[in-house]
Amino acid sequence: MAARGKGDFTSWAAGRDWTSLFNGKNLKGWDSYLKMPIGLNQDPHHVFTVVKDGDENVIRISGRM
C-alpha cells in the first residue's frame with residue numbers, strides 16, 4: 001500500500017461512512033491480548049483502561065506487564 005498525503009486521504013475518504021472504533025465510554029467490543037501466560041482478554045493489572053482527559057474519555061495503555 002502506498003503512503004498517501006493528507007490531501008489524498010481526505011479525497012479518498014470523502015463520501016464514505018465513518019466507523020468509530022471507540023464508543024467514548026468503555027472498551028466494550030474490544031479484545032486485548034497480553035503476552036503469555038496472561039493471554040486473551042485477561043487484564044489483571046488494568047493495562048487497558050478508559051480515563052478522562054479534559055472533557056473526553058480516552059483509551060490509556062499503561063505498558064505494565
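Just so it is clear, none of the values below were taken in a lab; they were calculated from the coordinates. Worth saying up front: this structure is predicted, and the values here are computed from it rather than measured. Cβ coordinates were reconstructed from backbone atoms using ideal geometry, including for glycine residues, and neighbour counts include every protein chain displayed.
Identify, among Ile38, Phe48, Gly63, the residue whose Cα sits farthest towards the positive end of the charge dipole of region 23-65, taking +1 on the Cβ of Lys and Arg and -1 on the Cβ of Asp and Glu, with the dipole about the Cα centre.
Ile38
Can you pull the one-decimal nm distance between simple spin-label points at Asp55 and Tyr33, each 7 Å off the Cα toward Cβ?
3.9
What does the charge add up to near Leu34, with Lys and Arg as +1, Asp and Glu as -1, over the other residues with Cβ less than 13 Å from its Cβ? Can you show the working numbers first?
Values: positive: Lys35, Arg64; negative: Asp31, Asp43.
Charge balance near Leu34 sits at 0.
Quick one: what are the phi-derived ³J(HN,Hα) couplings along region 20-29, Karplus 6.51/-1.76/1.60 with θ = phi - 60°, whole Hz, x for glycine and proline?
Values per residue, Gly and Pro as x: 7, 8, 10, 7, x, 10, 7, 9, 4, x Hz.
Where Rh denotes the Kirkwood radius from the mean inverse Cα pair distance, what is Rg over Rh for region 23-65?
1.00
For Asp55, Asp43, which order do you get if you count the other beta carbons within 10 Å of each Cβ and list the fewest first?
So the ranking, lowest neighbour count to highest, is Asp55, Asp43.
Count the net charge of all other residues whose Cβ sits under 13 Å from the Cβ of Lys52, scoring Lys and Arg as +1 and Asp and Glu as -1.
-1
Run down the aspartates and glutamates and flag those whose C-alpha is under 17 Å from the C-alpha of Lys25, throwing out any fewer than 8 positions away in its chain.
Asp53, Asp55, Glu56
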